[in-house]
1. Give the share of C-alpha pairs in each 5 angstrom bin for segment 655-708, from 0 to the last occupied bin, in whole percents, shortest bins first.
2. Could you tell me the accessible area of HIS191 in Å² (1.4 Å probe, neighbours in place), rounded to the nearest ten?
3. Please work out the Kirkwood hydrodynamic radius for segment 590-681, using every pair of different C-alpha atoms, and report it in angstroms with one decimal place.
4. In square angstrom, rounded to the nearest 10, how much accessible surface does ASP425 have for a 1.4 Å probe?
5. At a probe size of 1.4 Å, how large is the accessible area of TRP796, to the nearest 10 Å²?
6. Rounded to a whole number, what is D in µm²/s for segment 328-388 from Stokes-Einstein with the Kirkwood radius over alpha-carbon pairs (10 °C, 1.306 mPa s)?
7. Could you calculate the FRET efficiency of LEU784 with VAL32 from 1/(1 + (r/R0)^6), where r is the beta carbon distance between them and R0 is 45 Å, rounded to 0.05?
8. Of GLU271, GLU59, which has the most accessible area with a 1.4 Å probe, and how do the rest follow in descending order?
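The values are calculated or read from the model by the stated rules, or taken from the named source; none is laboratory data. Bear in mind that the values here come from a model prediction, so they are computed numbers and not experimental data. With ideal geometry, Cβ positions are generated from the backbone for all residues, glycine too; neighbour counts draw on all protein chains shown. Areas reflect the complete protein model, heavy atoms only, side chains present, ligands, DNA and RNA absent. Shrake-Rupley method; radii C 1.70, N 1.55, O 1.52, S 1.80 Å.
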Amino acid sequence: MDPNSTVDVENCVRRNTSHDGTVCASERGQEVQVLLALLFVLVVVFGLYMFHRQWTSKEEEFEKATGTLNEASMYLNNLVRHFMPSLKVAKYQFRGIRPPKATVNLAFHELGLTLHSGKKVLNGVTGEFKAGRMCAIMGPSGAGKTTFMNVLSARATYGKMSGRVLVNGRNVPISSISSVTGFVPQDDIVHSDLTVREQIRFAAMLRNKAGMHPERIERITEDVLNVMQIDHIQNSIVGSVEKRGISGGQRKRVNIGLELAGQPTMLFLDEPTSGLDSTSSLAVVYSLKKMTQLGMNCIMVIHQPRYSLFTLFDDVLLLGKGGQTVYLGASLAAKDYFENLGFELPEGENRADWFMDVISGEVPNERIPNFQPKMLFEKWAERQKRHQEAGVEGGAVEEDPHTGRDISNQEDCAVLVRVIEQEWDSIDINRDGKMDASELKLLLSRVSRLEPSDEVVEEILTRMAPGEDTDYVQKGQMLAFLSSMTSDIAGDNRDGVGEASPSGHGNVVTNLIDGVAATTENVVGALGGATEVAAERVGGVAGALQRRLLERAASGEDPGSEGESHTDDDTSSDSDADRATGTKGIDNLKGLQRHLPQFIEQNSIMSRRALIMWWRQNSERAVFFFAMAIAACVLAVQDHLVGTPTWDAMSFVNTHTCLGLLVAIFCLNCFGRDQPVFWRERNRGLNVAAFYMGRANLNLIDIGMQCFLFTALYYELRRIHVGFFWYLIPNALVTWAASGWGFAVSAWVPAQHGPFIVSLIVFVVCGLLGNPMNLAQFLGIPALEVGVSLISITRWSIPMSFLMQV
């Protein structure tokens, strides 16, 4: 008999199969198993690819919608300027972000910080930051600017803090309002694999009220993108140092936008303009200034601002070396304060730079020949003492007296009513009392000298008549909407999510007609004859309705705010007086607390975010898959050349240790490089378990595919005589255990030390403690037996594989 045939038969007998002269039946079954496993992997990858395509398409639609919204706003501004050039229209109207329920007056008394070494770096800083104002913290190097902000926000854990912080006059820890407080770090801590829009959207999901409707989340995202002027790059990957993305200035704006997405009542920023040119710095501060108009406190450390930027700040806190107060008050009053002390500002000098020179002792004082910088602390303390004795609040800027008065918004709106009434016949071409899409398009083309697209016309129609399935706009709806454009809050609402249409003009007519009779005479008396004439022109209920709309629009209210109930929001429109003084917050601190999403909702958000990032890491993933393939091939070829039996224990030591090491190194990416992002989100209420499960569960797809690739290649090259799925089980368990070591190291060890630490661990728990040559000695000592059995991976995987073979 042919010797080769005999060997072939013996092989088949060892596999408990029959020999048909060509191919063993068991071999066919094993190949089928490998193909089935491969098909499963391909189905999973295809499903992830389809999700990625669907998500990308959705993001492109959002970007197109943003362009339509901005274009519609441009046409609407042209429309208002055409009818009433003097009407003060808001440059941007918030459609998702709302004023807070309660604002914050933050007072602090004798704040200080002593380091563990005993050095005092902040000493006796006292003052108050009022609601709806933007304050700059300035001073030379070593003045304790960042230290002061860290103490104020209760983040200075590196020393002993002293003093008191009062929230709306109450001695409560600032951590009690952490859900409505934001902190922007100096470093740009963002996700490198997400787009700009995705960063803002997920931040809004995590930091706003639990259960907020997705449509509202998208509106908040749109607001942040527009206010921070990054809407044109919303679908650009942010990138990192290794992978080029957006510019440094744009990255800085995204860093700030992550906090704005949470609609904070109070926002701390640590040098938000560092590394930016003067133009970019001005744009960032201007965007933050816009947010303070809604009642947000904005407190930031800033370094060497130019004059045009400095004037945007309402207040300024100047600190001297040693962390003591030099000045705290209105920014425009600081110059007069120092000049009253005897300092002289040279002509053309930047005030901000001059202040730093004065504090550093670089500017001479004619009144004080032996001037020393520490004298500024004494001068400020004396001033504060005098004002306290006199019962006067210091630092206020006196307004310049006016010889006349400006035209009020009420009068502008009254003229707007009259002009629209006069031109309505030219607008309503078919004389049906309504303006349809074709008539609106013609009107927009006439006032802008550009022809709008059908999408823009439809958008404007929907905004003027929200909540109604209609293709026309009535005169009253048009008047109401154009009058509402003077407010910072948009006068339209199309979400349909049960918010009772906070500003929806579709409900304005019904809500306001009931109050017409009670308000007509008051409005006429306030606005004069112009409104009366306009009302007579319009006539009847429509005229009274318009007068009511004008009164409300001119007073800064949303025209549709009557009778509304905010069921999906944790904000409300406080009166201007409340936002300025924070009196509502004094009565009720519950308005400064927000119920954030908890574990289940956060886990869903984390899983979606991880799934989006997964597909964008294919280039890095390919490197690890290639390493897995090379390792499996090298081990298989080596064992074949040496003639190692497939059941040999040392071959299991090599394969299991190699597989475990590569998997553990790969898992370092799961948490290692995102540690700064995690800690930032953790301080804002992120659930640790939700973050872990969102990342780790998706990571199972990667390590599962890597385990399959390694096992399948080694299995086919070595022609293992057991079923593939049975052979896969020990390798899968090794992969699972090794991934746990990788997760632990990535979570607790700095990223730069991760590969070294995890390599050492896997070498010990797999290569040493589980080596059959040494295992008998380890198990002979009771103390070592327990330890080896607990931490060694190959202690269990090698006997399992061996028993399957024999």
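1. The distribution over segment 655-708 is 4, 17, 24, 21, 14, 10, 6, 3, 0, given as percents.
2. That residue has around 10 Å² of solvent-accessible surface.
3. Details: mean 1/r = 0.0587 Å⁻¹.
One over the average 1/r among Cα pairs gives 17.0 Å for segment 590-681.
4. Ignoring ligands and nucleic acids, ASP425 comes out at about 90 Å².
5. Here the accessible area works out near 130 Å².
6. It comes out at roughly 130 µm²/s.
7. Between LEU784 and VAL32 the formula returns 0.55.
8. From most accessible down to least: GLU271, GLU59.
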